[in-house]
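Peer 1: So that we are looking at the same thing, I have put the structure below in structure tokens.
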Amino acid sequence: MGTARNRFGSTLASVTAAAVSLVLVTGCGSGSDSGKARTKDGKTVISMGLFGVMGFKETDLLDRYMKENPDILIEADIAGDEQTYYTALQTHLAAGSGLKDIQGIEIGRAKELVDTRADKFADLSKTEGVDHFLPWKESQVTTKDGKVLGLGTDIGPMAVCYRKDLFEQAGLPTDRDEVAKLWEGDWSKFVQVGRDFKAKSKDSKVSYMDSASGVFNAMIYGDEKQFYDTDGKLIYQDNPVVKQAWSLATDAATSGLTARLRQFQPGWDPGLANSTFATTVCPAWMLAHISEKAGPANKGKWDVAKAPKGANWGGSFLGVMENSPVKEEAKKLIAWLTAPEQQAYLFDKLGNFPSSKTALDMPEVTGGKSAYFSDAPIGQIFGAAAKEIPDTQVLGRKDGSIKDTFSAGIQLVEQGKSADEAWKTTDERIQKLAR
């Protein structure tokens, strides 16, 4: 899927961000707000604003659609960095100009757009052929009155990626099914396995996990509610799911089980390459990043086991702008791009995991394996996780930022702060975010 952080919201180098901003600004004239449909060489033009590696342009899907619909010309602009992309999208939404006919939406932005910009997006609830998505996926972009702002592209069901060789050194099972049984149904069992690993490992320089923040994220995103209730009120202070996740994660952090390497932060990539830790909680899209950064020398040493409980981190949507002069044509295009067959194709080609419940049962997905991860049946493992997630997942406007704030708070504990001090700091930061 390309590098995960390019895809899910971290900044790239400033020069890249500047270049992306320039592209987005200079592309304003080809947007959806010109009032009438654009044509080129006698074809109707549909413009798309995308980010990261969503897969449509990187594969032959757009070319295939144009071949099957010779009267359509698709122009897709892709921003490498989602954060810069979203800043530009917000600017264009506020100005009412510069928008593409189709805009990509990252899951961390969905609730904010549902609450504040629903009128700018076309309702897709009655679009033909869009009744195949996982219910929790569709709920993330549905307004209270039933308007659907986007069609799901991929998702990020979670598993545990682990090093077989390091488990063997610690006298633990290496078979993925046996490993999954060690912590089946309870994340506290996962931490207990870490204690066993630490006690028995022959290499004191190898930690059990990269960072306790991965455990925290997996625990909260397997539940219906995390930081907000359905009315948009912050509930993290009293939500037992958040409190339990914080307690277990900080317990792991103070028990010497982590390498204190927060995912996608400095030091994490070298940690993958240098075998600094034995496990990491991994959404489906992370596998491409791990295989790239851990490198050929570690191929076959990694494997994937089912997590204690299904959870999701990441995913995107495609939305159509209400004022697009080619609104109906754009709806047909995104319905085709997100159809089960195309989602299964993108999984096979790039590893983008389908948000279509129909695609999850297609042979291209159920038979999917990862050569790098010891031929792990990733289609079955991540597909089972996706089906365990509650039918509704309540998101809030600052969900992504709050998650990152909690991750930073757990890192404070790993660096020596007490759990109570870190909670106070985290709480103050979130309250500031909310204001």
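The values are calculated or read from the model by the stated rules, or taken from the named source; none is laboratory data. Fair warning: this is a prediction, and the values are worked out from it, not measured in the lab. Glycine also receives a Cβ, built like all others from the backbone with ideal geometry; neighbour counts cover every protein chain displayed.
Peer 1: Going by the structure shown, is I410 closer than 30 Å to K164 by Cβ, of a type in the set (V, I, T), outside any loop (DSSP other than H, G, I, E, B) and in contact with a Lys or Arg (Cβ under 9 Å, 6 or more places away or on another chain)?
Peer 2: yes
Peer 1: Still on this structure, I have one more. Which one is surrounded by the fewest Cβ atoms within 10 Å (Cβ to Cβ) among residues in the stretch 352-361 that are in contact with a strand residue (DSSP E or B) (Cβ under 8 Å, 6 or more places away or on another chain) and of a type outside the set (S, T, Y)?
Peer 2: Among those that are in contact with a strand residue (DSSP E or B) (Cβ under 8 Å, 6 or more places away or on another chain) and of a type outside the set (S, T, Y), it is K357.
Peer 1: Give the residues of the stretch 363-414 that are farther than 26 Å from W268 by Cβ, modelled with pLDDT of 95 or more and of a type in the set (S, T, N, Q), sorted by residue number.
Peer 2: Scanning the stretch 363-414 gives T366, Q380.
Peer 1: If you don't mind, there's one more thing I want to ask. Within the bounds of the stretch 193-212, is there any residue that is under 18 Å from the mean Cα position of the chain (by Cα), surrounded by 23 or more Cβ atoms within 10 Å (Cβ to Cβ) and of a type in the set (A, V, I, L, M, F, W, C)?
Peer 2: No, because not a single residue in the stretch 193-212 is under 18 Å from the mean Cα position of the chain (by Cα), surrounded by 23 or more Cβ atoms within 10 Å (Cβ to Cβ) and of a type in the set (A, V, I, L, M, F, W, C).
Peer 1: Could you list, in sequence order, the residues of the stretch 370-399 that are in a helix (DSSP H, G or I), of a type outside the set (V, I, T) and in contact with a strand residue (DSSP E or B) (Cβ under 8 Å, 6 or more places away or on another chain)? Explain how you work it out, then say what you get.
Peer 2: Step one: of the stretch 370-399, the residues in a helix (DSSP H, G or I) are 378-388, 399.
Now restrict to residues that are of a type outside the set (V, I, T): 379-380, 382-388, 399.
F382, G383, A384, A385, A386, D399 - these are the residues of the stretch 370-399 that are in a helix (DSSP H, G or I), of a type outside the set (V, I, T) and in contact with a strand residue (DSSP E or B) (Cβ under 8 Å, 6 or more places away or on another chain).
Peer 1: When H92 is evaluated against the numbered criteria (1) within 19 Å of S355 (Cα to Cα); (2) assigned to a helix (DSSP H, G or I), which criterion, by number, is the only one it fails?
Peer 2: In the conditions (1) within 19 Å of S355 (Cα to Cα); (2) assigned to a helix (DSSP H, G or I), H92 misses (1) alone.
Peer 1: Continuing with the same structure: What residue, of A297, A278, is small (G, A, S), out of contact with any strand residue (DSSP E or B) (no Cβ under 9 Å at 6 or more places or on another chain) and not in a loop (DSSP other than H, G, I, E, B)?
Peer 2: A297
Peer 1: Could you tell me whether the stretch 255-276 includes any residue that is closer than 30 Å to D123 by Cα, outside the structural domain of A37 (by TED's automatic domain parsing) and either in contact with a Pro (Cβ under 7 Å, 6 or more places away or on another chain) or touching a residue at least 24 places away in the same chain (Cβ under 8 Å) (or both)? Full working, then the answer.
Peer 2: So in the stretch 255-276, the residues closer than 30 Å to D123 by Cα come out as none.
No: zero hits.
Peer 1: Find the helices (runs of 4 or more DSSP H) located wholly in the stretch 156-266 whose residues include 2 or more that are under 30 Å from K137 (Cβ atoms), and list them. Outline the logic, then answer.
Peer 2: Values: elements: 164-169, 176-182, 187-200, 213-220, 240-254.
The qualifying helices (runs of 4 or more DSSP H) are 176-182, 187-200, 213-220, 240-254.
Peer 1: Still on this model: Of the residues in the stretch 102-148, how many are surrounded by fewer than 16 Cβ atoms within 10 Å (Cβ to Cβ), outside any loop (DSSP other than H, G, I, E, B) and among the polar types (S, T, N, Q)?
Peer 2: 1
Peer 1: Suppose we filter V179, V193 for residues that are in contact with a strand residue (DSSP E or B) (Cβ under 8 Å, 6 or more places away or on another chain), free of Cβ contacts under 8 Å to residues at least 40 places away in the same chain and assigned by TED's automatic domain parsing to the domain that holds G396; which single one remains?
Peer 2: V193
Peer 1: If a residue must be hydroxyl-bearing (S, T, Y) and in contact with a Pro (Cβ under 8 Å, 6 or more places away or on another chain), how many such residues does the stretch 335-363 contain?
Peer 2: Qualifying residue count, the stretch 335-363: 2.
Peer 1: Name the residue, out of G27, G49, G42, that is touching an Asp or Glu at 6+ places or on another chain (Cβ under 6 Å) and either modelled with pLDDT of 70 or more or buried (at least 20 other Cβ atoms within 10 Å of the Cβ) (or both).
Peer 2: G49
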